[in-house]
Amino acid sequence: MRNLCHLHWFGLISLALTYPGSVQSCAAQTGAPALKTPTATVPSRAQAGFAAIREVDLRANLGFLSSDGMGGRLSLQPGDDAAIAWVASEFAKAGLKPAATDASGKPSYLQAMPLVEYRIDRAATAVTLQRGGKQTVWKAPKVGGSYRDAVDITAPVIFAGFGITAPELGYDDYKGLDAKGKIVLAFDHEPQETDPKSIFNGTGNTRYATTRVKLLNAQAHGAIALLVVAEPNRKHLTNAERAAKIGGSVTRATPLPLQAIRDDQLHIPSLIILDDVAAELLATAGKSPSELQSGIDSNLTVQSRELPDTSLTIHLKNASITTGTTYNVAGLLEGSDPKLAADTILISGHHDHDGQSGTEIWHGADDNGSGTVGVVELAHAFTANPVRPKRSILFVVFASEERGLLGSYYMAAHPLRPLATTRAMINFDMIGRDETASPQTDGLIEIPADTTNRLNLIGALYSPDFDKVVKTENQRIGLVLDDRFDHESALNVFFRSDQFPFVLHDIPAFWFFTGFHPDYHHTTDTADKINYTKMTKILKLAYLSTWNFGDAKAGPRFVANPGSPAGMESSK
């Protein structure tokens, strides 16, 4: 067979999809010897797979996946199609069972996800206030928004605090508020986020902080649109300001296209507005924006209210709209126990990145070539082991993460295995670098002086049991584990990767993450900068943790809200 390490992308796709078992691993063709890794402290039943996790494989596979020929793996583009084909071929070669079905109902490694891709007509976006017989019109950059369809709506505006309904906390911004047919204005983030004792996870984020959850909540209350403004008393950058500091891909000459799931459960648009626009909208509220936030933060007293004589027209237009299909790639290793095999441990990453613009290529070696080859490496490791865990393992590499976690939201809504029996999830997103200072994090979070052996764990507060397992298994590996991203809210880290849609379904899920660096979303995120030794150790830790989850009598508990009294008690 022809050496596929030098095969052009469309040849790889054709071979992988037609004869998936025949595609050879580039790493296997290097002829390099396996790394000698001590296995004395690893249980005998897991030693073969543990030893099969090799740095030489990671180097070869990541070099291929982030090469110029892959074109930055932008969703719906040829380079990402090639990445999809490669992952599917590696799952087949490892001997995983196809976990999805194709259009004809036959087993497949590919879960199709129909998308709408669109580019907004920024100049045509407008929000018009009608008050006192006068009109005030705002356009970009005062207001910004996007939606997969054109939007032309006019409706009254109401203020709904932070837009949160959290019954387990006894907190509801919509209590006594009629949102049906209205446009809702809400603050970003959550109440009391600078208070370490806040029931909203102290100084960290909970599931309620993200715009998608606020949108779903507004939609559930009958709203037809959501306006989000940064909290007036904030101690951090706005999301737009933070993104602007990253630079890189967001500054490209041809902006990245937007994408949406074609049959997404979200059916209403959201817009971001600036402080002065919000202040004008709230002029009839009886309190200033700062006073409204202070009223909530002081003792969680709801400040939601109707806004007299406040009606808005929202106009969103797209310059172009196309449709396409991308794929989550999923393979299953069935568990060895007849009863526990119905349970699932999920290991995931995402295969897409930011593509290219002219001669500039966003290689995405760390983000998230590292996670993709990590999932593939573990698939090979578990299938190389003569003994299988009792529970089944679902290996998934998600699509379109960079466009808004689309692949993971889609699979959470269309699960290949029951979510009710999914016991734990380990998600890899950027597991290859040493965390260093960058414009995104400067002044917002403290970075340890030495991160060459450090791994950030995100999500521990939602499952202390999960946290204990990882820390116990790490005694065999020796990484420095860090949970500081669970205790800050400025960077929105908690809901920025593919574990989050599953956390919304009460599944214990951790994001393994080596941290930000100046090459994040820049063309300079290349394979030569990866710390392969640390990456190998991270995968070995994930391997042992998965064994623990796979064989334990019960899965780790999920704590629905770690800041509530019940949540704090259950975490002890």
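FYI, it's all coordinate maths here, none of it is from the lab. Being a predicted model, the structure only gives us computed values, none of them experimental. Glycine gets a Cβ as well: all are built from the backbone with ideal geometry, and neighbour counts include every protein chain shown.
Computed quantities for the displayed model
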item	result
Overall Cα dimensions of the stretch 122-316, principal axis frame, Å, largest first	45, 44, 33
Contact order normalised by residue count of the stretch 122-316, Cα under 8 Å, 6+ apart, percent	35
Label-point gap, in nm, between His505 and Ser104 - each point 7 angstrom along Cα→Cβ	2.8
Inter-site label distance for Leu481 and Arg119 at 7 Å from Cα along Cβ, in nm	4.7
Neighbour net charge for Arg131 - beta-carbon separation under 11 angstrom, K R +1, D E -1	-1
The chain: calculated mean residue ellipticity at 222 nm from DSSP helix runs of at least 4, using -39500 (n - 2.57)	-7500 deg cm²/dmol
Stokes-Einstein translational diffusion, the stretch 37-192 - Kirkwood Rh over all Cα pairs, 1.306 mPa s, 10 °C, in µm²/s	71
Residues Ser311, Ser75, sorted so that the one with the fewest Cβ neighbours within 10 Å comes first	Ser311, Ser75
C-alpha long axis of helix 78-94 to longest principal axis of the chain, angle in °	50
Environment charge of Lys175, counting only residues whose C-beta is closer than 14 Å and scoring Lys/Arg +1, Asp/Glu -1	-3
Thr301, Thr238 arranged by Cβ crowding within 10 Å, fewest neighbours leading	Thr301, Thr238
Inter-part distance where the stretch 214-242 and the stretch 297-344 are each reduced to a Cα centre, Å	14
Options (i) 26.6; (ii) 25.3; (iii) 30.0 - which one matches mean projected area of the Cα convex hull in nm² as calculated here	(ii)
